[in-house]
Amino acid sequence: MYSYRRNSVIHYKSKYEIQRMKDAGKLAAEVLYETGLRVKAGISTLELNDFAHQYTIQKGAESAPLNYKGYPKSICTSVNNVVCHGIPRKDEILKEGDIINIDITVKYKGYHGDTSRMFFVPPISENAKRLIEVTEKAMWVGIQAVKPGNLICDIGAAIEEFVKPYGYGIVRELAGHGIGRNFHEDPIVPHYKNNEVKIKMKPGMTFTIEPMINEGTYEVVFDEQDKWTVRTKDGKLSAQFEHTILVTPDGYEVLTLL
Ligand code: MF3
Ligand code: CO
Ligand code: CO
């Protein structure tokens, strides 16, 4: 996620860099898949963290979140009403009915791949199921708005139009982001209708699309103690999916597929 700021400096990737981004993206997808297989009742979010960390290291890569601006763990695990940046804990044990976003960012040969998705411990409520389905579709609706000549703000506009009929809240305080040698770089990619981001998409741009959709209000609260965990203001559920995307001459390529 990325917060809003200043003029943007966009790094367009060369052919060589695009290959590196593809390698990093694929590895992030693999770590996410393997970690997700471990989700079950009784496992702690710290155990998921440790698995992902070891797997990443073994592949010759690094967990980008670890020590990033003081973040203490290797992945983010956001359970139920946690919107994002949940910190894995030994005493956070998954149980039936829980939904969890696992967010993996690897740094591999100098480049980053960032991807997240929802997992759950069945059975889950119909509400939770629907929220997860709509959020995944919202991400794809955003991705389908990627094409040279389109604007970055077209992504959020498309997502908002799609989500509106469900009455869900689209988180505004956190956004997608450019990615490359840096974990977070320009441009900022809002997931709601924000006509200020009139940046034209061009081939060679790489950024994430990662909508956070809340069952209730879009408003969020940042944890005052740990300074990271973001929760829904009303305590209702939140879901998120994320891919790293490359703008190609005729559209897009998703870099974080298995
Ligand atoms: N992976 C998150 C994102 O999608 C960022 C996590 S920052 C951390 O942008 F420090 F919490 F890891
Ligand atoms: Co991201
Ligand atoms: Co992420």
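The values are calculated or read from the model by the stated rules, or taken from the named source; none is laboratory data. Note that the structure is a prediction, hence the values are computed from the model and not measured. Cβ atoms come from the backbone with ideal geometry, glycine included; neighbour counts cover every protein chain shown. Ligands, DNA and RNA are excluded from the accessible area calculation, which covers all protein heavy atoms including side chains. Shrake-Rupley method; radii C 1.70, N 1.55, O 1.52, S 1.80 Å.
One table, with the values for the structure above:
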| item | result |
| --- | --- |
| Leading residue by the ranking (farthest from R117 (Cα to Cα)) among those in the range 36-76 that are charged (D, E, K, R) and surrounded by fewer than 19 Cβ atoms within 10 Å (Cβ to Cβ) | K69 |
| G97 modelled with pLDDT of 95 or more and either open to solvent by less than 10 Å² (accessible area, probe 1.4 Å) or within 15 Å of ligand 1 (Cβ to nearest atom) (or both) | no |
| Cβ-Cβ under 7 Å pairs, at least 6 apart or on other chains, the range 219-242 side over 13 Å from E173 (Cα atoms), far side within 16 Å of ligand 3 (Cβ to nearest atom) and open to solvent by 80 Å² or more (accessible area, probe 1.4 Å) | F241/R117 |
| Tabulated pairs, the range 76-91, first over 18 Å from E242 (Cβ atoms), second outside any loop (DSSP other than H, G, I, E, B) and open to solvent by 30 Å² or more (accessible area, probe 1.4 Å), C-beta under 8 angstrom, 6+ apart or interchain | N81/R231; R89/L46; K90/L46 |
| Test for V134: is it of a type in the set (A, V, I, L, M, F, W, C) and either within 14 Å of ligand 3 (Cβ to nearest atom) or in a helix (DSSP H, G or I) (or both) | yes |
| Matching strands (runs of 3 or more DSSP E) fully within the range 12-121 where at least 1 residues are closer than 29 Å to V134 by Cβ and small (G, A, S) | 76-79, 111-120 |
| Given (1) more than 16 Å from ligand 1 (Cβ to nearest atom); (2) part of a loop (DSSP other than H, G, I, E, B); (3) farther than 22 Å from D250 by Cβ; (4) open to solvent by less than 10 Å² (accessible area, probe 1.4 Å), number of the condition V163 does not satisfy | (2) |
| Strands (runs of 3 or more DSSP E) wholly inside the range 187-258 containing at least 2 residues that are modelled with pLDDT of 95 or more and not small (G, A, S) | 206-209, 212-214, 220-222, 230-232, 243-248, 251-254 |
| Residues within the range 100-117 that are open to solvent by less than 10 Å² (accessible area, probe 1.4 Å), under 13 Å from Q240 (Cβ atoms) and within 14 Å of ligand 1 (Cβ to nearest atom), tallied | 6 |
| Tabulated pairs, the range 157-182, first closer than 30 Å to Y16 by Cα, second within 16 Å of ligand 2 (Cβ to nearest atom) and open to solvent by 70 Å² or more (accessible area, probe 1.4 Å), C-beta under 6 angstrom, 6+ apart or interchain | G180/H11 |
